[in-house]
Amino acid sequence: MNNVDINKLSIISDGSFLLTAGTLEDYNTMTVGWGQIGVLWAVPVLSVYVRYNRYTYEFMEKNDIFTASFFDNAKYSKMLGFCGTKSGRDFDKAKETGITPISVDDTVSFAEASKIIVCKKIYTEEINGEKFLDKQKFTAYYSEDNPLHKVYIGQIISAYERV
């Protein structure tokens, strides 16, 4: 057997993506770099992580459906950078970056996305800092300025790819 680069095992290894929840009239999006795709409880799932202080957290809490929108990361790196560092409380991210919000399966994605995964929340869990087995991982990613994440596991209900 040949050794496989574990960073190439998943669609998420393609780079960052936009996590979006809400409606065309009221939504927020943020760049995400962490997540997993797999099978859990006999259904295909996508797991994403959102810090409590992110504006998108509010939308993830009040909406049952969310999207993961993937882009050509080389072409859209500036957009992904902006959407990951600026808050939707302060900026209209679509207007600022030139991406086009579209309605997909009763939620929001973007016309420029090369792949879209639509998920229905089926489980959430607050990360508990006390449960870290590797305390260096905890201290590397969390501090007073960087609060804990909440995990959202969504059943993948549809997926789209630009051809």
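Values in this text are rule-based calculations from the coordinates and carry no lab data. Being a predicted model, the structure only gives us computed values, none of them experimental. Cβ placement follows ideal geometry from the backbone for every residue including glycine, while neighbour counts extend to all protein chains displayed.
A few comments on the model shown:
- Residue within the range 79-86 that is under 23 Å from ILE37 (Cβ atoms) and assigned to a strand (DSSP E or B) present: no
- Here PHE91 clears all of (1) in contact (Cβ under 8 Å) with a residue 40 or more places away in the chain; (2) part of a loop (DSSP other than H, G, I, E, B); (3) among the hydrophobic types (A, V, I, L, M, F, W, C) except the condition numbered (1).
- Of the set (1) in contact with a Ser or Thr (Cβ under 9 Å, 6 or more places away or on another chain); (2) among the aliphatic types (A, V, I, L, M); (3) farther than 17 Å from GLY154 by Cβ; (4) part of a loop (DSSP other than H, G, I, E, B), all apply to ALA113 but (3).
- For ASN73: the one exception among (1) in contact with a helix residue (DSSP H, G or I) (Cβ under 7 Å, 6 or more places away or on another chain); (2) part of a loop (DSSP other than H, G, I, E, B); (3) surrounded by 16 or more Cβ atoms within 10 Å (Cβ to Cβ): (3)
- Residue within the range 131-140 that is outside any loop (DSSP other than H, G, I, E, B) and of a type in the set (S, T, N, Q) present: yes
- Against the list (1) in contact (Cβ under 8 Å) with a residue 40 or more places away in the chain; (2) among the acidic types (Asp, Glu); (3) closer than 23 Å to TYR141 by Cα, the condition GLU61 fails is (1).
- Look at the range 71-86: where a residue is free of Cβ contacts under 8 Å to residues at least 40 places away in the same chain and closer than 13 Å to MET30 by Cα, no partner that is surrounded by 21 or more Cβ atoms within 10 Å (Cβ to Cβ) and among the aromatic types (Phe, Trp, Tyr) sits 6+ places away or on another chain with Cβ atoms under 7 Å.
- Of all residues in the range 43-60 being hydroxyl-bearing (Ser, Thr, Tyr) and in a helix (DSSP H, G or I), the one that is surrounded by the most Cβ atoms within 10 Å (Cβ to Cβ): THR56
- Residue match in the range 21-35 (condition: under 26 Å from ASN146 (Cβ atoms), without any contact (Cβ under 8 Å) to a residue 24 or more places away in the chain and more than 11 Å from the chain's Cα centre (by Cα)): no
- Scanning the range 98-110 for residues being on the phi > 0 side of the Ramachandran plot and either in a strand (DSSP E or B) or surrounded by 15 or more Cβ atoms within 10 Å (Cβ to Cβ) (or both) gives a total of 1.
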